[in-house]
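Structure, as structure tokens:
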Number of protein chains: 2
Amino acid sequence: MPVVRIVEVGLRDGLQNEASELSLKDRYQLVKKLSFSGLKRMELGSFVSPRAIPQMQCVPKLTKKVLLAQSKGVLPKGITYSAFVPNRRGFERAVECGLKEVSFFVSCTESFSQKNINMSIKDSLKNLRWICRSAGKVKVRVYLSAAFSCPYEGKLRPLKVANLADRIMQKGVFELSVSDTIGSAVYTDVLKLMKALQKKMPVKKVALHFHDTRGMALVNVAAGLETGVRVFDSSIGGVGGCPYAPGASGNVATEDLVYMLDKMNIKTGVEIPKLIKTTRWLEKKLKHSLPAKISFLKYKKLDK
Amino acid sequence: MPVVRIVEVGLRDGLQNEASELSLKDRYQLVKKLSFSGLKRMELGSFVSPRAIPQMQCVPKLTKKVLLAQSKGVLPKGITYSAFVPNRRGFERAVECGLKEVSFFVSCTESFSQKNINMSIKDSLKNLRWICRSAGKVKVRVYLSAAFSCPYEGKLRPLKVANLADRIMQKGVFELSVSDTIGSAVYTDVLKLMKALQKKMPVKKVALHFHDTRGMALVNVAAGLETGVRVFDSSIGGVGGCPYAPGASGNVATEDLVYMLDKMNIKTGVEIPKLIKTTRWLEKKLKHSLPAKISFLKYKKLDK
């Protein structure tokens, strides 16, 4: 039975796109619920300046609380908690809080890099090199963002992306999360990019990160599975997108992803009813519904 | 460049699941808008008893109006309009109205057949044989419903489904629309069923009909494409499902399907901006939003 590992990014990629802020207490509850659902990898948030993303202000406190709880056995062992770090300062703070894994961001186009993080690709790579050299036993994951298409430069050539990916991996990165940041890729785009990437690195180093902006996220996961990818990112409930808002652009929902994988006889170790309960709880806290399809339904009715 | 033909079923499968009724005038407007979007096959509704499905009361009038307009050149030539007929009486009325194509329903399980149309599979097949014999030049399409899973009997064996499909085709049916009526199939289910079906009939006789109940419709289309299927059913805007209602279960949205196919360099001849405009119009008429993902976005922004 094939096994897929899911990286839960709802607390980072999801909550940073939420208008309403979730308190430290609620975030901890969310981490706890997710941790007992069978997920083994989870981002807690971003170590960014509160001026840049105010929603992430409490992430250092949350990180300490979570890691303390884990060390005391209140949260399950065997879960890797991580956080996003945009720069050296963020990396240092994340490591001070005790994290053993961080994630970093490199854009595939100069325009997206400048507009999104106000930095050139070259400077991103410099920062990445510094981080990897300082990392010691801390594992560094990289989001290769706008890997299929850029909001400013349009569709990307797979070879260009693969070359950049290669340079990134050589810095000592343990995993590359190839991200369709604007949610515009389709099935064939994934097949093509994966073909180019596999010439540069083993497929087990690649994760895929899809947004469901145009409803293509699960199709793209299926394409990724076809090419041998076994790590996928997702957000509980699809948080970060809102079904009522134009341009809803959340990550693929964790429960929808697990549902599809379950039905394809692919093992994730994650329990859907617990995810659905967590989504219902989160919807109350955020005061709006979330896009996950499966959570619309009563899970008991699903398996008929 | 591969070509896919889309069968628009919004006026039938979509509107029959709508609480609010659309007037004859509005339905005609809808047919007109869809006809000028590049769609070549379209169901106008069902020839059922108004007691069974009141929403379909005006279908005979609509059919006459549409076919008259087409004969006068008001609606484009080259479009095949059809309608669903549940029985002999419906078939006769549809043919009287001038239709050259009808569709009929056969369930894959006895329980679903009884509960849904109050008839055994055996009697369905008898009716089908009668219809095919009486059809002359009128083409008969069959929906093979609950082909993947039945709400009462659970998951189906592909071989059982393929055997029934074979019996249906032998009656003189021109196309079998294999339907995931409860929207529970995933990628691998489609591959498996198609493998079984292809032993019994050429793939060009097969259409696929997916509901997006669990968000799997486009993934299943991708699986169908992999196996060589080139005809897919869809509903404008995903009408029949509602994003705000639990258990939303519309067909895959026509614009989402065309968007994916376009981006995969598969030709449909259908213009997405016209579909999006039609969905916006329909949302106003139905007084609620529709599930199509692409219509959430401004199309101009999509192609970057």
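Of all residues in the stretch B:33-54, those satisfying the criterion of being surrounded by fewer than 20 Cβ atoms within 10 Å (Cβ to Cβ) and more than 16 Å from the chain's Cα centre (by Cα) are B:LYS33, B:PHE36, B:GLY38, B:SER49, B:PRO50, B:ARG51, B:ALA52, B:ILE53, B:PRO54. Screening B:VAL239 on (1) away from chain A (no Cβ under 14 Å); (2) crowded, with 24+ Cβ neighbours inside 10 Å; (3) within 28 Å of B:ASN127 (Cα to Cα) shows it passes everything except condition (3). The helices (runs of 4 or more DSSP H) falling completely within the stretch B:1-109 that include 2 or more residues that are among the hydroxyl-bearing types (Ser, Thr, Tyr) and modelled with pLDDT of 95 or more map to B:24-35, B:59-71.
Taking the stretch A:184-200 as the range and being away from chain B (no Cβ under 14 Å) and charged (D, E, K, R) as the test, the residues that pass are A:LYS195, A:LYS199, A:LYS200.
A quick yes/no check of all residues on (1) more than 21 Å from A:TYR259 (Cβ to Cβ); (2) basic (Lys, Arg):
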site	(1), (2)
B:VAL173	yes, no
B:SER177	yes, no
B:ASP180	no, no
B:LYS195	yes, yes
B:VAL203	yes, no
B:ALA207	yes, no
B:ALA217	no, no
B:GLY224	no, no
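Looking at the stretch B:5-19, is at least one residue more than 23 Å from B:ASP180 (Cβ to Cβ) and open to solvent by 30 Å² or more (accessible area, probe 1.4 Å)? The answer is yes; a qualifying residue exists. Among the residues of the stretch A:16-29, those that are more than 12 Å from A:LYS65 (Cβ to Cβ) and under 17 Å from the mean Cα position of the chain (by Cα) comprise A:GLN16, A:ASN17, A:GLU18. In the stretch A:173-197, the qualifying residues are those that are under 26 Å from A:TRP130 (Cα atoms) and open to solvent by 30 Å² or more (accessible area, probe 1.4 Å), and the one that is farthest from the chain's Cα centre (by Cα) is A:PHE174. Filtering A:LEU197, A:LEU218 for residues that are farther than 19 Å from A:GLU8 by Cα, at pLDDT 95 or above and either part of a helix (DSSP H, G or I) or in contact with a Lys or Arg (Cβ under 8 Å, 6 or more places away or on another chain) (or both) leaves a single hit, A:LEU197.
Any residue at all in the stretch A:88-100 that's closer than 19 Å to A:MET201 by Cα and open to solvent by less than 70 Å² (accessible area, probe 1.4 Å)? No, the stretch A:88-100 contains no residue that is closer than 19 Å to A:MET201 by Cα and open to solvent by less than 70 Å² (accessible area, probe 1.4 Å). Once the stretch A:250-289 is narrowed to residues that are surrounded by fewer than 20 Cβ atoms within 10 Å (Cβ to Cβ) and aliphatic (A, V, I, L, M), the residue that is farthest from A:ARG5 (Cα to Cα) is A:MET264. Against the numbered list (1) at pLDDT 90 or above; (2) facing another protein chain (nearest Cβ under 9 Å); (3) open to solvent by less than 20 Å² (accessible area, probe 1.4 Å); (4) outside any helix (DSSP H, G or I), B:SER234 comes up short only at (2). Pairs are defined by a Cβ separation below 7 Å, a sequence spacing of at least 6 or placement on different chains, a first member in the stretch A:112-136 that is within 23 Å of A:ILE182 (Cβ to Cβ), and a second member that is outside any helix (DSSP H, G or I) and among the β-branched types (Val, Ile, Thr); the pairs so defined are A:ILE121/A:VAL106; A:SER124/A:VAL106; A:LEU125/A:VAL106; A:LEU128/A:VAL106; A:LEU128/A:VAL142.
Of all residues assigned to the stretch A:203-210, none qualifies as being touching a helix residue (DSSP H, G or I) at 6+ places or on another chain (Cβ under 6 Å), basic (Lys, Arg), surrounded by fewer than 21 Cβ atoms within 10 Å (Cβ to Cβ) and closer than 19 Å to A:LEU164 by Cβ. Residue pairs whose Cβ atoms lie under 7 Å apart, separated by 6 or more positions or on different chains, with the first residue in the stretch B:280-292 and at negative phi and the second β-branched (Val, Ile, Thr), are B:LEU282/B:ILE236; B:LEU282/B:VAL239; B:LEU290/B:VAL239; B:LEU290/B:THR279; B:ALA292/B:THR279. If we scan the stretch B:173-188, do we find a residue that is polar (S, T, N, Q), touching an Asp or Glu at 6+ places or on another chain (Cβ under 9 Å), at pLDDT below 95 and not in a loop (DSSP other than H, G, I, E, B)? No, the stretch B:173-188 contains no residue that is polar (S, T, N, Q), touching an Asp or Glu at 6+ places or on another chain (Cβ under 9 Å), at pLDDT below 95 and not in a loop (DSSP other than H, G, I, E, B). Count of the stretch A:96-136 residues, restricted to those that are within 14 Å of chain B (Cβ to nearest Cβ) and under 15 Å from the mean Cα position of the chain (by Cα), is 0. Applying the condition of being open to solvent by less than 10 Å² (accessible area, probe 1.4 Å) and part of a loop (DSSP other than H, G, I, E, B) to the stretch A:137-172 and asking which residue is nearest to the other protein chains (Cβ to nearest Cβ) yields A:ALA146. Of all the numbered requirements in (1) more than 14 Å from chain A (Cβ to nearest Cβ); (2) surrounded by 21 or more Cβ atoms within 10 Å (Cβ to Cβ); (3) within 30 Å of B:THR278 (Cα to Cα); (4) touching a Leu at 6+ places or on another chain (Cβ under 8 Å), B:VAL221 misses one, and that requirement is (1).
The values are calculated or read from the model by the stated rules, or taken from the named source; none is laboratory data. Since the model is a prediction, treat every value here as computed from it, not as a measurement. Note: ideal-geometry Cβ built from the backbone for every residue, glycine included; neighbour counts use all protein chains shown. With ligands, DNA and RNA removed, areas are computed over all heavy atoms of the protein, side chains included. Shrake-Rupley method; radii C 1.70, N 1.55, O 1.52, S 1.80 Å.
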